[in-house]
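One structure is given here, and the rest of the page talks about it.
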Amino acid sequence: GLKLLLHGLCSNTTVKSLDLKGNNLRTMGAEALGKLLRQNKSIRSLILEWNSLGVWEEGFSFFCQGLGANNVLQRLDLRNNQINHQGAGELALALKQNASLQELDLRWNNVGLLGGRALLNCLHSNKTLKRLELAGNNVPSDILKAVEQAMDHNQDRQTILSETQNRTSILSKEILSLKDEKTKQFLDLMDTIDKQREEITRSGRMSAARVSQLQEALEEQHSIMNSLKAKLQMTEAALALSEQKVHNLGELLNATKQEQTSMAERHFTELQQQKQEGADREGKILRDLSAASEKNLLLRNQVDELEKKCKVQQDQLFQVKQDLTNTTAELKLRAVQAEERLETEKRRFKQSLEDVETLRLKEVDHMTQHMEASERSMQDRIQRLEAIRIALEEELSKVKAAAVTERGRAEEELIKVRNQARLEEQQRLEHLEEKLRLMAESRDEAQNCCLKQKQMVAEAQAKASQLSLHVDGLRRRLEELQQELNSKEEEKVTEVNKVKVELQEQIGHLQAERTAQEGLREKIAALERQLKALSSNHREALLDKEGEISMLLEKLRMKEAEISRMREEEAQRASFLQSAIMAYVQGSPLGTHSCRK
């Protein structure tokens, strides 16, 4: 069933959390979990507590391979799975490949010193794991401290990465906003330039139209001047002709002075009149010429003003172009400055990362040197403590005998609890059989009489309430048994603590002597191993008790289901009886009489 479930979840994209606590998974289940981790891309939390995955090495190695190939899972719970140092090494290899896991819980396993070292070595390459729990695994305190320091480094590194990402995002947003603003300003400038160009073209058109009009007026004035010049030439020719006539007449007058004096006077008066008329005409012509020259000057002034306006507009265009070039240069400078800021921040971030890595490497070197020195000192102490081992073996034998006696007592208590549970189950079955017989009798009686059936239904309801009360009592007993188990565990923990306190007192007495101190440390290690063995045996016993409790709970559920079925059947029977009674009453003469009324 688990294999089918995990096969279905391989293609699922909505499930994000999976809890398989206490399901007794084996090699097939571990392989299915490894396949699930390789194919699924949505599960982020996986709880596998109390499954003994470390016992099946091949299945656990396949599971670790799937974990190494996964890039989505963030939280993994492997508490109480009997993982030894080999399983811890495979987990370390998987953690070197994984780049998404943030929390790993390995409490209450058998990782040991070698497993702790393997996990500590994998943390040099894994930089995403934030939390690693190793309590209850016989891992030395210095390795635990090193693991905590590595976790702190990973958290600091991720905080720095998040800060740098936020800064880069903020800077990119600012750069984009600056680019948008500059593009808007550039577009506005282009719009203004286009508007100015349109205005310039319009003014050029207007000025061209005005110039054309002025040119037409000048051409008209030139034509007038040409006509006036032609008139002057005609008048000059007439004057020349008149002078010739006057000369001829003078000669004639000189010849005929005496005869034509009167005619000379008349001609003289006529000539004077003609001269006055010519002078008047010449004054008019000069006036017209002066007016035309003034008009020409005005037109020239207008043309000069238009040329000045055109020059001013050209200067404005040149200034606008210079402003555009300046703004583009400023935009380029700001973009270059922003890029330089980004590069400087990237360099700072790289330097900070390099500093953090150098500090971490220095700490690791210091820890390795410290570990080598401690190993050398421990080897010396082991050589010294070989003489004290014989004295401690006797004390260990005594402790073993006490542990065996405690184990026998615990087994006897478990046997008593099992016998009590069996007797209670037999009593319940007998009680239920009696109730079934009573229910059968009540069914026969209900068929004979409706009143008796109602009474039997009431009795059945009362019995059902008694059964529910009995079930509640059983649940309370189960809770009491669990409380007793917890109290026993607490007593054992207190005994272990007492033993540890005694050992610590002995260590305090032996601190004066170095050799005795080393012997006590070996004694403590041996006692801790025994305690671990006892705790493992106690865990197995607890697992057996939990299995029995689960079986009892399943039986209770079955019985509750049977009781609910009995209630439904009784309700159906009562409804059938009511319908039959109603049909009988309606079919009787009393029923027909009531219907007629």
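Shown is the FRET efficiency for ASP280 and LYS173, computed with R0 = 60 Å from the Cβ-Cβ distance and rounded to the nearest 0.05: 0.10.
Roll a 1.4 angstrom probe over the protein heavy atoms and tell me the percent of accessible area of the chain that is carbon or sulfur.
On the way: 21940 of 41550 Å².
The C+S portion of the solvent-accessible surface of the chain is 53 percent.
Considering the options LEU46, SER100, VAL139, tell which one lies farthest towards the positive end of the dipole of the range 1-139, charges being +1 on Lys and Arg and -1 on Asp and Glu at the Cβ, about the Cα centre. In the range 1-139, that residue is SER100. The mean sequence distance of close C-alpha pairs (under 8 Å, at least 6 residues apart), as a share of the length of the range 1-139, puts its relative contact order at 20 percent. Each of GLN272, ALA329, GLN506 was placed along the dipole of the chain (beta-carbon charges, centred on the mean Cα), and the one lying farthest toward the positive end is GLN506. In a reduced charge model with +1 at each Lys and Arg Cβ and -1 at each Asp and Glu Cβ, the range 1-139 shows a dipole moment near 400 debye about its Cα centre.
Just to be sure I follow the definition: excluding the sites themselves, where is the longest run in the chain that has none of the GluC sites (Glu not before Pro) in a DSSP loop with at most 15 other Cβ atoms within 10 Å? After excluding every exposed loop site, the longest remaining stretch is 1-258.
Charges only on Cβ, +1 for Lys and Arg, -1 for Asp and Glu: so what's the dipole of the chain about the Cα centre, in debye to the nearest 20?
Dipole magnitude for the chain comes out near 1220 debye.
May I ask you to list the trypsin sites (Lys or Arg not before Pro) in the range 60-154 that are in a DSSP loop and have at most 16 other Cβ atoms within 10 Å of their Cβ? Loop-located and lightly packed - ARG107, LYS127, LYS130. Working note: 222 nm ellipticity from helices only, DSSP H runs with n ≥ 4, each -39,500 (n - 2.57), summed and divided by the residues of the chain, gives -31500 deg cm²/dmol to the nearest 500.
By the compact-protein rule of thumb, 2.2 N^0.38 Å, the alpha-carbon radius of gyration of the range 1-139 corresponds to a ratio of 0.95.
Applying a threshold of 22 Å to the alpha-carbon distances of LYS463/LYS559; LYS96/LYS130; LYS145/LYS362; LYS179/LYS350 flags LYS179/LYS350 as lying beyond it.
Taking every C-alpha pair closer than 8 Å and separated by at least 6 residues, the mean separation divided by the residue count of the chain gives a relative contact order of 6 percent. Projecting the Cα atoms of GLY22, HIS470, THR368 onto the charge dipole of the chain (Cβ charges, centred on the Cα centre) puts HIS470 farthest toward the positive pole.
Accessible surface for the chain, divided over its residues, is 70 Å² per residue with a 1.4 Å probe. The stretch between GLU163 and GLN316, if pulled fully straight at 0.36 nm per residue, gains 50.1 nm over its current Cα-Cα span. Need the C-alpha centroid separation for the range 182-204 versus the range 40-103, integer Å. The range 182-204 and the range 40-103 have Cα centres spaced 68 Å from each other.
With both labels modelled 7 Å from their Cα along Cα-to-Cβ, the LEU144 to LEU114 distance reads 2.2 nm. If you look at the Cα atoms of the chain, you get an Rg and a Dmax of 59.1, 195 Å.
The values are calculated or read from the model by the stated rules, or taken from the named source; none is laboratory data. Every value quoted in this text rests on a predicted model; they were computed, and no experiment measured them. Virtual Cβ from ideal backbone geometry, glycine too; neighbours counted across all protein chains shown. The protein model used for the area step is the full one, side chains on, heavy atoms only, and it has no ligands, DNA or RNA in it. Shrake-Rupley method; radii C 1.70, N 1.55, O 1.52, S 1.80 Å.
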